[in-house]
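The structure appears below as structure tokens.
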Amino acid sequence: DAGITQSPRHKVTETGTPVTLRCHQTENHRYMYWYRQDPGHGLRLIHYSYGVKDTDKGEVSDGYSVSRSKTEDFLLTLESATSSQTSVYFCAISFEGGSNQPQHFGDGTRLSIL
Amino acid sequence: AQSVTQLDSHVSVSEGTPVLLRCNYSSSYSPSLFWYVQHPNKGLQLLLKYTSAATLVKGINGFEAEFKKSETSFHLTKPSAHMSDAAEYFCVVSDRNFNKFYFGSGTKLNVKP
């Protein structure tokens with residue numbers, strides 16, 4: 001299994017509070033991704049990173065920010081959480097864009113916003 | 001733009017019978033396609049990938065998929081279902097540069113004893 005660790009695995013918080021999710025990899029892969037998974041929608045891309053300090057938006061980026069200060073860590077922040085952001089969040093990594101390598105996924109973070 | 005449609009949200013089969021999970025894609029170029037499986041409370045695991053080599057792709061656990069350009073399809077099959085195959089399956093297409101991946105909405109496979 002790819003060395004991907006997401007933390008925390010579960011979190012319950014209140015509307016309006018800031019939340020940060022962490023993805024840590026030990027594979028030295030260049031690309032890292034944050035997705036959210038909701039019933040009937042599959043996985044939808046929030047943000048991704050193609051290197052240290054290099055990030056780009058996905059299809060559902062509103063209300064989320066990311067940072068990547070080291071190759072191994074990719075942080076997802078909800079600045080002011082809303083109930084619509086209750087979801088399961090997955091981090092993924094891939095070796096190199098353009099190399100037709102698939103993504104490898106972490107086990108997810110279940111986030112509930114009350 | 002790329003997109004994926006999984007034609008069935010739920011499929012139920014009996015153990016030992018064939019499995020067919022259907023996927024159609026839309027892409028403005030020759031795509032790369034993937035099937036992933038997700039067991040409850042777990043991340044996604046790669047089953048197989050198509051990247052413009054052989055059109056019939058074999059994956060793990062006895063699964064295979066056939067790329068049909070004329071039908072824009074990439075259906076997943078297995079000759080004989082096992083109880084451990086019960087999970088959710090996702091069809092995925094990548095963009096041209098493999099920078100982004102687009103997921104179908106998933107098909108939940110139920111396997112009856």
- Task: Evaluate the following for A:Arg110: is it part of a strand (DSSP E or B), of a type outside the set (A, V, I, L, M, F, W, C) and touching a helix residue (DSSP H, G or I) at 6+ places or on another chain (Cβ under 9 Å)?
- Result: no
- Subset of region A:56-93 (residues that are in a strand (DSSP E or B) and more than 21 Å from A:Gly3 (Cα to Cα)): A:Asp56, A:Lys57, A:Tyr64, A:Ser65, A:Thr77, A:Leu78, A:Ser87
- Note on the structure: Among residues of region B:42-51 being over 17 Å from B:Val4 (Cβ atoms) and of a type outside the set (D, E, K, R), the residue nearest to the other protein chains (Cβ to nearest Cβ) is B:Gly43
- Filter region A:15-72 down to the residues that are touching a Gly at 6+ places or on another chain (Cβ under 7 Å) and aromatic (Phe, Trp, Tyr), then identify the one that is surrounded by the most Cβ atoms within 10 Å (Cβ to Cβ). A:Tyr48
- Among the residues of region B:73-113, count how many are of a type in the set (S, T, N, Q), more than 9 Å from every other protein chain (Cβ to nearest Cβ) and within 22 Å of A:Arg44 (Cα to Cα). 2
- Item | Positions within region A:53-111 being of a type in the set (Gly, Ala, Ser), on the phi > 0 side of the Ramachandran plot and within 12 Å of chain B (Cβ to nearest Cβ), in sequence order | A:Gly98, A:Gly108
- Which residues, counting only those in region A:89-110, are surrounded by 18 or more Cβ atoms within 10 Å (Cβ to Cβ) and within 12 Å of the chain's Cα centre (by Cα)? A:Tyr89, A:Phe90, A:Cys91, A:Ala92, A:Ile93, A:Phe105, A:Gly106, A:Gly108, A:Thr109
- Filter region B:13-32 for residues that are modelled with pLDDT of 85 or more and outside any strand (DSSP E or B); the one that is surrounded by the most Cβ atoms within 10 Å (Cβ to Cβ) is B:Ser32
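The values are calculated or read from the model by the stated rules, or taken from the named source; none is laboratory data. Since the model is a prediction, treat every value here as computed from it, not as a measurement. Every residue, glycine as well, gets a Cβ built from its backbone with ideal geometry; the counts of neighbours run over all protein chains shown.
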